[in-house]
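Inspection log for the structure reproduced underneath, given as structure tokens.
The values are calculated or read from the model by the stated rules, or taken from the named source; none is laboratory data. Because the structure is predicted, anything quoted here is derived from the model rather than measured. Methodologically, a virtual Cβ is constructed for each residue, glycine included, from the backbone with ideal geometry; neighbour enumeration extends over all protein chains shown.
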Amino acid sequence: MAKKILLIDPPFQKFMGFSKNGIPLGLLSLAGSLKEKGHSVEVLDSDYNPSGTPYPFMAKIEHYDEYLNNLYNGDHQIWKGIASQIERTKPDVVGVSMISTKLQSGLRVAHIAKDLGVERVIAGGPHVTIFPGDALNNKYVDSVVRGEGEEVFEKALVDEVVRADRIKNIKSMAWPARETLIGIENYQPKDLGFVMTSRGCPGSCNFCCSESLWGNTVRMRDIEDVVAEMDSVHENYGTNKFYVVDDTFTLGRKRVEKFCDNVSDRGYEWSCLTRVDKLDEGILEKMAGSGCSMVKVGVESGSQKVLDLMNKETSVEQIKYAAGLLNDKKMPWLSYIMVGVPGETSEDVDKTMKLIEEVRPSYVSAAIYTPYPGTGFSEQGKGLDFALEEANHHSMKVLAGDVPREKIIEFMEFADKYNHDSKKAHEMYNIKD
């Protein structure tokens, strides 16, 4: 029997006034699959906030209490907004996506839904895939989907716990149903241009749970199908800027070249995420010639010791080589950096700051290590018992590593100053003087 289903991405950054762009591709992919099966589906991204402030990192740390203070404040306008959408939709089923950072927020959404008489609340997402009990032990959650939900969500309408096998053939999956987004008329065209061309990552970084969720096998869509989706988004929403959200986009040279050949004459601007060991001069030149306007790279640290602790499987020399290619091609690039991992010292952080000054990324995206479930570090016991709502990459409520608090603050202030002084960072992220 067809159901009326409301899928919700819980609020988090919006409580702090942060800018939050993009779309919840996982929920939209699930929506596309459910629509094909005859269900009526809407998707609410309650964290979308393009008019928010792109805070520097120290400001994010300082605003974190605003989230904690409002997490259980039922009178807050964000919670009231979610309640009003549930009342308007009157769904039979509410599905809530729960990452570790948003676990408590997601459970609050479940509470609201049940209080409003929703028949069934289903939790899914990375956190409950690894720790289903954290949702099932909550009286407002009826069932949990562990893993990819597109093929098994309907089973959770009856069963309490549904374990999904990894979808082997993602080529035949429905496109993300962007049209199901509540308030889609308020979305910026570039946010609707988020696309996924593959699932999975070959890496096993100790701070990341991707391997636990997806495995090491990378499953890829046909490039023709990806470009057809991009064309559809362009035609329907006027989108000319796209972001490829794959964990490592440049894995297969022939596939990347095929993508570049297919989009080069369309006038699209696009960006992607990759690893420093998956870039070379030829592929970067091909990307630049087809409209690539930015590359995001997981640098993580300037200390080889820390890279090895992370099981990053890259070297400082590879970082320098990739940075040299990007800078020589005048390709804007973002460098992800993580500080505070177990075993890291203040001297290692100094090496990271020195490397940043040497390789000159366009923008530094800094994060504080957090021992999320399903990561190599947490499995090794190199973590911390903490209240999940107090832990985040931009919170200093709890620190799980060995780097002193004052050193992490020094690094965050360094990153803020670096980005403030970078002209390219101003263009990329609307940084204000």
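Annotations
- Restricting attention to region 30-61 and to residues that are of a type in the set (Gly, Ala, Ser) and in a loop (DSSP other than H, G, I, E, B), the residue that is nearest to the chain's Cα centre (by Cα) turns out to be Ser46.
- Just one of (1) exposed (fewer than 15 other Cβ atoms within 10 Å of the Cβ); (2) out of contact with any helix residue (DSSP H, G or I) (no Cβ under 7 Å at 6 or more places or on another chain) fails for Cys208. It is (1).
- Top-ranked residue in region 135-145 [being closer than 16 Å to Arg108 by Cα and of a type outside the set (Gly, Ala, Ser); ranked as surrounded by the most Cβ atoms within 10 Å (Cβ to Cβ)]: Val141
- Contacts under 8 angstrom Cβ, first residue in region 71-97 being free of Cβ contacts under 8 Å to residues at least 60 places away in the same chain, partner hydroxyl-bearing (Ser, Thr, Tyr), 6 or more apart: Gly81/Ser46
- Which listed residue, of Leu325, Leu355, is out of contact with any His (no Cβ under 8 Å at 6 or more places or on another chain) and under 21 Å from Ser293 (Cα atoms): Leu325
- Evaluating Glu148 against the criteria (1) in a loop (DSSP other than H, G, I, E, B); (2) modelled with pLDDT under 95; (3) surrounded by fewer than 18 Cβ atoms within 10 Å (Cβ to Cβ) leaves one unmet condition, (3).
- Of residues in region 184-223 being among the small types (Gly, Ala, Ser) and in contact with a strand residue (DSSP E or B) (Cβ under 9 Å, 6 or more places away or on another chain), the one farthest from Glu313 (Cα to Cα): Gly193
- Residue match in region 366-383 (condition: of a type in the set (A, V, I, L, M), in contact (Cβ under 8 Å) with a residue 60 or more places away in the chain and within 26 Å of Pro202 (Cβ to Cβ)): yes
- Positions within region 213-223 being buried (at least 18 other Cβ atoms within 10 Å of the Cβ) and either assigned to a loop (DSSP other than H, G, I, E, B) or in contact (Cβ under 8 Å) with a residue 60 or more places away in the chain (or both), in sequence order: Leu213, Arg221
- The residue of region 1-29 that is surrounded by the fewest Cβ atoms within 10 Å (Cβ to Cβ), among those that are assigned to a strand (DSSP E or B) and within 14 Å of the chain's Cα centre (by Cα), is Lys20.
- If you go through region 84-121 and keep only what is among the charged types (D, E, K, R) and within 15 Å of Val145 (Cα to Cα), you end up with just Arg120.
- Residues in region 98-115 include none that are within 20 Å of Ala2 (Cα to Cα) and either out of contact with any strand residue (DSSP E or B) (no Cβ under 8 Å at 6 or more places or on another chain) or polar (S, T, N, Q) (or both).
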